[in-house]
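Engineer: Here it is, the structure, as structure tokens.
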Amino acid sequence: MMTGLAALCFLLLLTRASGFGLSSGDSMSHQDITERAILNTTAQTCRALALAEDKDFTFPSLTIESVAVACEASKSSKSLRKTIRLIQKMNKRVDLLRFAQSSYHMDNELILEGRRLITDGLSVVKASNKEQNFKPARERLGQILHTLQDFYSHSNWVEIGHKLPNSNLIRADTIINIAAKDRATCRNCVGNNCRNNILEDILSENVLTTGYFALVFSSKPQGKCSHGDDYDRTRDTEPIGGINKDTVNSSHGHRHKEAAQLAIAATSELLEDIRAAAGDRPFLQLMGISTGKALCFVIDTTGSMSDDIATVRTVTSSIIDSKVGTEDEPSVYILVPFNDPDFGPLTKTTDPEVFRNAVNSLTASGGGDFPEKSLSGLQLALTGAPSNSEIFVFTDASAKDSHLRDTVIALIEQTKSVVNFMITAVLGFRRRRQSDGGQQNHIRMTSSDAQLYENISQISGGLAIEVTKDQLLAATSIITQSSSSSLVTLLQASRSPAKAENFTFTVDESVRNLTVYITGRSVSFTLISPSGVSQRTSMTGSLITTSESVGNFQTLQLKTETGQWEIKMASANPYILKVVAESPIDFLFEFLEESQGPFGGFDVVDNRPRAGVNGSLMVTVTGSESATVTEVILVESSESAEVKGKVEAQGKQDFLAQFDRIPATEFVVLVKGQTSNSSSKSSSQTFQRQSLTSFRASAVTVNFPDSNTVLEPGTTQAVPFTVMTSGAGGTFTIQATNDQGFTLIFPSSLTLETGGSANGTVNITAPPSTPSGTVVTLTVLAEASRGADTNYVVQSFTVLERVTDFTKSECELLSLQSNCSDDCFLSMWELSVQVTDGANGTGVDRITLRQGNGTLNTSRLAAGNESITLVSYSASCCSPDVELLAVDRVGNVASCFYSVRETVTTTSQPVAVPTTTDSQRPTTAAGVSLSTRAVQPFLLCLSITILGFNLLF
């Protein structure tokens with residue numbers, strides 16, 4: 001039992017700062033609360049979309065797989081789980097990095113300061129989400145959810161008797177009644193009984209307070225409540241005791257369940273606000289619910305690439321025409337052109353026609369000098385595409401910016417994205433139109449030029465495909481298969497120099513479309529099936545159903561036979577071997593290390609794991625609720641040497657693997673396990689999956705200890721970083737780059753003692769014209785002398801103009817007409833509404849329907865210092881309610897509700913909209929119900945009750 005408990009530490013620290021403690025028994029953790037709210041809000045969003053399309057919708061059980069299926073996106077279960085894990089990780093890191101900052105935990109009565117963190121962060125989430133920059137939006141969302149959730153555990157909101165969440169915490173322009181600094185709030189607990197330690201006048205007057213907390217000092221203001229429990233030094237200073245509700249065993253643990261339920265409701269309310277600002281489908285994308293994978297092209301646009309660009313146009317149209325409307329429709333389309341001296345801009349869209357037009361508008365021109373900025377274009381794609389994307393780079397030139405190699409590799413490791421190079425410089429030549437007279441020359445791409453691309457593709461788990469321009473279209477068949485969102489890797493190996501070697505891979509019953517990719521010249525092999533049938537080379541036969549060879553690239557479609565396969569490679573030339581298939585069963589993984597914070601526990605490693613020490617890996621199975629992991633193996637990429645881990649189940653498809661050592665050379669992660677299948681004659685089957693990305697350990701550690709991730713246009717921000725080594729000291733070269741071309745100033749080197757550390761600073765400046773919501777990714781690399789060791793740190797920053805508009809738009813009903821009869825199908829009603837955002841507002845961005853099946857039209861008028869949006873709406877009397885959502889340019893959301901509920905006839909007339917509370921909805925004499933309000937929690941309460949939670953009442 002103790003071993004299992006220790007293994008769970010990675011999920012949540014055993015600290016007061018976590019707000020909701022380690023999930024055990026009847027207690028709920030931050031992770032539990034966050035996942036429950038995300039799944040609830042995601043299901044609600046999918047329900048709304050289904051009802052809008054007249055589809056049936058049955059609420060699922062709140063598991064990741066069930067919600068993905070209910071949302072008609074079963075292949076999204078992996079990305080939904082990955083999204084939830086990232087948000088949970090950033091939630092937890094508030095404890096690791098901000099444990100001593102009371103405002104982040106709503107301690108010491110710093111409620112207004114905590115609210116400022118929430119509302120500022122909410123602005124970042126909305127701005128990033130608006131620009132489809134989902135990763136930084138998710139990261140900031142996790143941070144602010146920790147502070148929001150802590151309020152219900154650390155304050156007296158529950159004890160006052162509130163049954164709804166405190167909506168004022170996500171609104172910056174409201175008043176909160178907080179106890180004065182000199183007002184007593186608590187009395188001593190009686191022994192260990194703290195049930196009645198909050199003063200009666202505090203509760204009866206609805207005055208808010210939170211406990212005081214200190215790790216070192218025991219002092220606090222006179223008469224104030226303490227947080228309480230083991231780590232709080234103020235708990236023994238009068239008034240003695242505490243008020244926190246972190247677990248059922250805390251000072252106020254008898255109110256833990258109420259606090260956790262309100263934290264779920266508050267988290268859902270905040271998510272609903274983000275949903276209203278973004279729209280339903282963009283919100284689902286933020287949560288990882290989408291169709292297929294990203295389709296990402298990085299294309300050389302210099303003069304000799306006209307044939308290649310024409311091929312890309314053909315492939316783009318083919319994928320769009322065949323995938324749109326299916327489960328494999330790309331979730332996002334990304335295009336990055338490059339040449340020299342330019343690269344970009346990045347085009348990112350969910351509209352396939354916008355992407356098709358962007359590709360069709362590319363033209364090949366210029367050139368003259370051979371190398372191009374291919375790695376700059378790839379860097380921009382890696383930072384702009386979702387994690388785990390597959391990126392295709394089309395070029396016939398070497399890289400002019402090869403100094404970005406380590407930065408690109410760092411981004412590949414961090415995002416676990418796959419990079420394939422489609423190289424049309426076959427036989428070492430490239431045709432280039434010169435700029436001095438239109439003459440054409442043949443220019444050689446050297447073997448070292450090609451080797452750079454091959455190394456990058458191999459580390460990412462991709463391929464470097466070398467073909468002629470005439471062969472490119474045939475080679476792009478890999479793109480069509482790679483666009484499947486259920487593609488998994490069973491085996492990948494790279495050998496340079498080549499040698500005779502045997503590889504095995506296991507095929508389970510969930511596998512479909514079993515395919516082998518091989519890159520290399522004159523590669524020979526023998527395939528042996530589980531039943532013992534063998535076949536040599538790539539000719540079709542009993543095992544190979546189809547075979548295609550073009551340039552250095554072979555594709556083999558295999559007969560799908562369950563069991564263990566073997567492939568014997570006997571090539572004298574370097575090669576890459578890759579075995580892929582379609583299957584719902586896959587895995588996620590993260591390296592863990594012991595936390596450097598005061599409370600211990602584990603943290604996720606965002607860069608290279610430490611060399612020379614024990615290592616841990618958390619593996620999560622996706623796509624199956626019955627699959628279990630039996631083996632986790634680190635396989636060295638060059639020699640196939642293996643390091644096996646000790647595996648322990650952690651619950652919720654999580655498995656902890658602990659290793660005695662992390663390989664010193666590049667390695668991949670291989671997972672084996674068992675899964676049950678109702679159609680199988682046996683009770684279980686073995687499955688095998690492998691990571692694509694190669695990793696290596698490092699004795700160097702680089703981190704940003706504490707950085708503000710918001711940049712203001714036109715200002716310079718100092719970003720401190722730390723470099724540490726557990727090995728030899730010396731001079732370490734520093735390289736800092738960013739994907740937006742922002743100006744950077746940083747030290748070129750740092751000197752470290754053996755086993756020591758040193759600090760540096762990167763000054764980054766966002767140009768004044770940078771649009772709000774732009775995300776810039778900063779990568780800092782530290783390299784030991786002579787390149788003996790290197791590591792990196794990657795951080796995304798959101799450029800955001802200072803938000804001063806916290807006021808929602810206002811609706812004014814201009815007219816309403818209805819002629820509703822007993823037969824509602826034969827009658828209609830309509831209204832006209834004027835929406836304004838005030839003279840000092842940022843302006844109305846859009847107006848959408850949250851409720852209603854009628855026709856909505858909008859138009860804009862200029863009036864003085866502000867614009868007016870005119871809204872007209874008409875609907876059948878069978879649809880008597882309408883709710884308009886008015887979103888301004890910084891994401892403030894107003895809801896305007898109108899209803900015709902009585903069978904009456906009215907004439908067109910101006911109607912003033914009265915101010916209402918959440919529970920009031922006045923009805924005019926004509927029977928028209930009117931209300932203008934923000935998105936209110938009572939809708940949330942209803943939705944949660946529908947799901948059977950009964951969380952709030």
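The values are calculated or read from the model by the stated rules, or taken from the named source; none is laboratory data. In this text, all values refer to a predicted model and were calculated from it rather than measured experimentally. Cβ atoms come from the backbone with ideal geometry, glycine included; neighbour counts cover every protein chain shown. To get the accessible areas, we keep the full protein, side chains included, count just its heavy atoms, and leave off ligands, DNA and RNA. Shrake-Rupley method; radii C 1.70, N 1.55, O 1.52, S 1.80 Å.
Engineer: Which of the residues belonging to segment 732-750 are at pLDDT below 95 and open to solvent by 70 Å² or more (accessible area, probe 1.4 Å)?
Structural biologist: Matches in segment 732-750: Q740 only.
Engineer: Looking only at residues that are open to solvent by less than 10 Å² (accessible area, probe 1.4 Å) and either of a type in the set (F, W, Y) or in a strand (DSSP E or B) (or both) in segment 520-536, which one is farthest from V671 (Cα to Cα)? Step through it out loud before you land on a result.
Structural biologist: Going through segment 520-536, the residues open to solvent by less than 10 Å² (accessible area, probe 1.4 Å) turn out to be 525, 527, 529.
Those still in the list that are either of a type in the set (F, W, Y) or in a strand (DSSP E or B) (or both) too: 525, 527.
On the way: F525: 25, L527: 22 Å.
Restricting to residues being open to solvent by less than 10 Å² (accessible area, probe 1.4 Å) and either of a type in the set (F, W, Y) or in a strand (DSSP E or B) (or both), the top hit is F525.
Engineer: So which residues in segment 135-186 are of a type in the set (D, E, K, R) and within 24 Å of A37 (Cα to Cα), if there are any at all? Walk me through it before giving the result.
Structural biologist: The initial filter retains those residues of segment 135-186 that are of a type in the set (D, E, K, R), namely 135, 138-140, 150, 159, 163, 171, 173, 181-183.
K135, R138, E139, R140, D150, E159, K163, R171 - these are the residues of segment 135-186 that are of a type in the set (D, E, K, R) and within 24 Å of A37 (Cα to Cα).
Engineer: Right, here's the next one. A266 - would you say it is among the hydrophobic types (A, V, I, L, M, F, W, C), open to solvent by 10 Å² or more (accessible area, probe 1.4 Å) and part of a helix (DSSP H, G or I)? Break it down stepwise before answering.
Structural biologist: Details: among the hydrophobic types (A, V, I, L, M, F, W, C): yes; open to solvent by 10 Å² or more (accessible area, probe 1.4 Å): no; part of a helix (DSSP H, G or I): yes.
It is false that A266 is among the hydrophobic types (A, V, I, L, M, F, W, C), open to solvent by 10 Å² or more (accessible area, probe 1.4 Å) and part of a helix (DSSP H, G or I).
Engineer: Can you run down the residue pairs with Cβ atoms below 6 Å, 6 or more apart or on separate chains, where the first is in segment 340-355 and within 12 Å of L380 (Cα to Cα) and the partner is surrounded by 13 or more Cβ atoms within 10 Å (Cβ to Cβ) and of a type in the set (S, T, N, Q)?
Structural biologist: F343/S376; K348/Q132
Engineer: Restricting to segment 545-561, name every residue that is surrounded by fewer than 18 Cβ atoms within 10 Å (Cβ to Cβ) and over 11 Å from Y517 (Cα atoms).
Structural biologist: Within segment 545-561, the subset surrounded by fewer than 18 Cβ atoms within 10 Å (Cβ to Cβ) is 545-549, 557, 559-561.
Within segment 545-561, T545, T546, K559, T560, E561 qualify.
Engineer: Looking at segment 506-519, which of the residues that are buried (at least 20 other Cβ atoms within 10 Å of the Cβ) and not β-branched (V, I, T) is farthest from Y575 (Cα to Cα)?
Structural biologist: Selected residue: S510.
Engineer: Test E902 against the criterion of being closer than 29 Å to R802 by Cβ, open to solvent by 20 Å² or more (accessible area, probe 1.4 Å), in contact with a Gly (Cβ under 8 Å, 6 or more places away or on another chain) and modelled with pLDDT under 90, and give yes or no. So that I can check it myself, show each step before the final result.
Structural biologist: Working: closer than 29 Å to R802 by Cβ: no; open to solvent by 20 Å² or more (accessible area, probe 1.4 Å): yes; in contact with a Gly (Cβ under 8 Å, 6 or more places away or on another chain): yes; modelled with pLDDT under 90: yes.
No, not satisfied.
Engineer: Could you check I309 against (1) open to solvent by 20 Å² or more (accessible area, probe 1.4 Å); (2) outside any loop (DSSP other than H, G, I, E, B) and say which number it fails?
Structural biologist: (1)
Engineer: So, one more: Show the residue pairs meeting these rules: Cβ distance below 9 Å; 6+ apart or different chains; first residue within segment 79-102 and more than 12 Å from K135 (Cβ to Cβ) and among the aliphatic types (A, V, I, L, M); second residue modelled with pLDDT of 95 or more and not in a helix (DSSP H, G or I).
Structural biologist: Taking only residues 6 or more apart or on different chains, the pairs are L80/M287; I84/M287.
Engineer: Yes or no: D654 acidic (D, E) and more than 28 Å from E65 (Cβ to Cβ)?
Structural biologist: Numbers: acidic (D, E): yes; more than 28 Å from E65 (Cβ to Cβ): no.
So D654 fails the test.
Engineer: Let me ask you something else. Keeping to segment 221-262, report how many residues are basic (K, R) and free of Cβ contacts under 8 Å to residues at least 24 places away in the same chain. Walk me through how you get there before you give the answer.
Structural biologist: Going residue by residue through segment 221-262, those that are basic (K, R) are 224, 233, 235, 245, 255, 257.
Checking which are free of Cβ contacts under 8 Å to residues at least 24 places away in the same chain leaves us with 233, 235.
Number of matching residues: 2.
Engineer: Scan segment 141-162 and give yes if some residue there is modelled with pLDDT under 95 and crowded, with 24+ Cβ neighbours inside 10 Å, otherwise no. Step through it out loud before you land on a result.
Structural biologist: First pass over segment 141-162, keeping only residues modelled with pLDDT under 95: none.
For segment 141-162, residues modelled with pLDDT under 95 and crowded, with 24+ Cβ neighbours inside 10 Å: absent.
Engineer: Can you tell me how many residues within segment 693-710 are part of a loop (DSSP other than H, G, I, E, B), open to solvent by less than 20 Å² (accessible area, probe 1.4 Å) and not small (G, A, S)?
Structural biologist: 1
Engineer: Please state which one of T174, T209, T185 is open to solvent by less than 90 Å² (accessible area, probe 1.4 Å), closer than 18 Å to L112 by Cα and free of Cβ contacts under 8 Å to residues at least 12 places away in the same chain.
Structural biologist: On the way: T209 fails: free of Cβ contacts under 8 Å to residues at least 12 places away in the same chain; T185 fails: free of Cβ contacts under 8 Å to residues at least 12 places away in the same chain.
The conditions single out T174.
Engineer: Condition test on S251, is it assigned to a loop (DSSP other than H, G, I, E, B), open to solvent by 10 Å² or more (accessible area, probe 1.4 Å), in contact with a Cys (Cβ under 6 Å, 6 or more places away or on another chain) and of a type outside the set (K, R)?
Structural biologist: Details: assigned to a loop (DSSP other than H, G, I, E, B): yes; open to solvent by 10 Å² or more (accessible area, probe 1.4 Å): yes; in contact with a Cys (Cβ under 6 Å, 6 or more places away or on another chain): yes; of a type outside the set (K, R): yes.
Spelling it out, S251 is indeed assigned to a loop (DSSP other than H, G, I, E, B), open to solvent by 10 Å² or more (accessible area, probe 1.4 Å), in contact with a Cys (Cβ under 6 Å, 6 or more places away or on another chain) and of a type outside the set (K, R).
Engineer: Same structure again: Output the residues belonging to segment 607-650 that are more than 18 Å from Q690 (Cα to Cα) and without any contact (Cβ under 8 Å) to a residue 24 or more places away in the chain.
Structural biologist: Passing the criteria: only A649.
Engineer: Filter segment 799-835 for residues that are polar (S, T, N, Q), surrounded by 19 or more Cβ atoms within 10 Å (Cβ to Cβ) and under 17 Å from G891 (Cβ atoms) and give the result.
Structural biologist: Once the filter is applied, which keeps residues that are polar (S, T, N, Q), surrounded by 19 or more Cβ atoms within 10 Å (Cβ to Cβ) and under 17 Å from G891 (Cβ atoms), segment 799-835 yields only S809.
Engineer: Do we have L199 as of a type in the set (A, V, I, L, M, F, W, C), free of Cβ contacts under 8 Å to residues at least 60 places away in the same chain, in contact with a Lys or Arg (Cβ under 9 Å, 6 or more places away or on another chain) and surrounded by 21 or more Cβ atoms within 10 Å (Cβ to Cβ) here? Steps first, please.
Structural biologist: On the way: of a type in the set (A, V, I, L, M, F, W, C): yes; free of Cβ contacts under 8 Å to residues at least 60 places away in the same chain: yes; in contact with a Lys or Arg (Cβ under 9 Å, 6 or more places away or on another chain): yes; surrounded by 21 or more Cβ atoms within 10 Å (Cβ to Cβ): yes.
Judged against the criteria, L199 is a match.
Engineer: Evaluate the following for K163: is it touching a residue at least 40 places away in the same chain (Cβ under 8 Å) and in a loop (DSSP other than H, G, I, E, B)?
Structural biologist: On the way: touching a residue at least 40 places away in the same chain (Cβ under 8 Å): yes; in a loop (DSSP other than H, G, I, E, B): yes.
Yes; evaluated as a whole, the condition is true for this residue.
Engineer: Then there is this: How do the pairs read when you match residues in segment 267-284 that are on the phi > 0 side of the Ramachandran plot with residues anywhere that are open to solvent by 10 Å² or more (accessible area, probe 1.4 Å), using Cβ under 9 Å and keeping only pairs 6 or more apart or on different chains?
Structural biologist: G279/R846; G279/T848
Engineer: Oh, and also: From the residues in segment 314-339 that are touching a residue at least 40 places away in the same chain (Cβ under 8 Å) and exposed (fewer than 15 other Cβ atoms within 10 Å of the Cβ), which one is farthest from F392 (Cα to Cα)? Explain how you work it out, then say what you get.
Structural biologist: Within segment 314-339, the subset touching a residue at least 40 places away in the same chain (Cβ under 8 Å) is 314-316, 318-319, 322-323, 327-328, 330-332, 334, 336-338.
Narrowing the set further to residues that are exposed (fewer than 15 other Cβ atoms within 10 Å of the Cβ) leaves 314, 318, 322.
Details: T314: 15, S318: 16, S322: 19 Å.
Step by step, filter segment 314-339, then rank; the result is S322.
Engineer: Still on this model: Would you pick out the residues in segment 285-305 that are open to solvent by 10 Å² or more (accessible area, probe 1.4 Å), assigned to a helix (DSSP H, G or I) and touching a Lys or Arg at 6+ places or on another chain (Cβ under 9 Å)?
Structural biologist: The answer is G303, S304.
Engineer: Condition test on F659, is it within 24 Å of the chain's Cα centre (by Cα), open to solvent by less than 60 Å² (accessible area, probe 1.4 Å) and touching a residue at least 24 places away in the same chain (Cβ under 8 Å)? Reasoning before the result, please.
Structural biologist: Values: within 24 Å of the chain's Cα centre (by Cα): no; open to solvent by less than 60 Å² (accessible area, probe 1.4 Å): yes; touching a residue at least 24 places away in the same chain (Cβ under 8 Å): yes.
For F659, the condition - within 24 Å of the chain's Cα centre (by Cα), open to solvent by less than 60 Å² (accessible area, probe 1.4 Å) and touching a residue at least 24 places away in the same chain (Cβ under 8 Å) - is not met.
Engineer: Give S542, S583 a once-over and let me know the one that is at pLDDT below 95 and crowded, with 19+ Cβ neighbours inside 10 Å. It would help to see each step written out before you state the result.
Structural biologist: Working: S542 fails: crowded, with 19+ Cβ neighbours inside 10 Å.
None of the other options fit; the residue is S583.
Engineer: Please return the ranges of helices (runs of 4 or more DSSP H) entirely within segment 1-88 where 1 or more residues are modelled with pLDDT of 90 or more and within 18 Å of the chain's Cα centre (by Cα).
Structural biologist: Details: elements: 2-7, 30-52, 64-70.
Counting at least 1 such residues, we get 30-52, 64-70.
Engineer: Can you find even one residue in segment 721-733 that is under 21 Å from the mean Cα position of the chain (by Cα), in contact (Cβ under 8 Å) with a residue 60 or more places away in the chain and in a loop (DSSP other than H, G, I, E, B)?
Structural biologist: Our first condition is that a residue be under 21 Å from the mean Cα position of the chain (by Cα); within segment 721-733, this holds for none.
No; the residues of segment 721-733 include none that is under 21 Å from the mean Cα position of the chain (by Cα), in contact (Cβ under 8 Å) with a residue 60 or more places away in the chain and in a loop (DSSP other than H, G, I, E, B).
Engineer: Kindly provide the set of residues from segment 262-297 that are under 18 Å from I118 (Cβ atoms) and small (G, A, S), ordered by number.
Structural biologist: First, pick out the residues of segment 262-297 that are under 18 Å from I118 (Cβ atoms): 262-278, 286.
If the condition is that a residue be under 18 Å from I118 (Cβ atoms) and small (G, A, S), then A263, A265, A266, S268, A276, A277, A278 are the ones that fit.
Engineer: Considering segment 843-884 alone, what residues qualify as being open to solvent by 50 Å² or more (accessible area, probe 1.4 Å), polar (S, T, N, Q) and at pLDDT below 90?
Structural biologist: Q851, N853, N865
Engineer: Every residue in segment 711-731 that is under 30 Å from N614 (Cβ atoms) and surrounded by 21 or more Cβ atoms within 10 Å (Cβ to Cβ), please. Step through it out loud before you land on a result.
Structural biologist: Let us first name the residues in segment 711-731 that are under 30 Å from N614 (Cβ atoms), namely 720-731.
Answer for segment 711-731, where residues must be under 30 Å from N614 (Cβ atoms) and surrounded by 21 or more Cβ atoms within 10 Å (Cβ to Cβ): F721, V723, T725.
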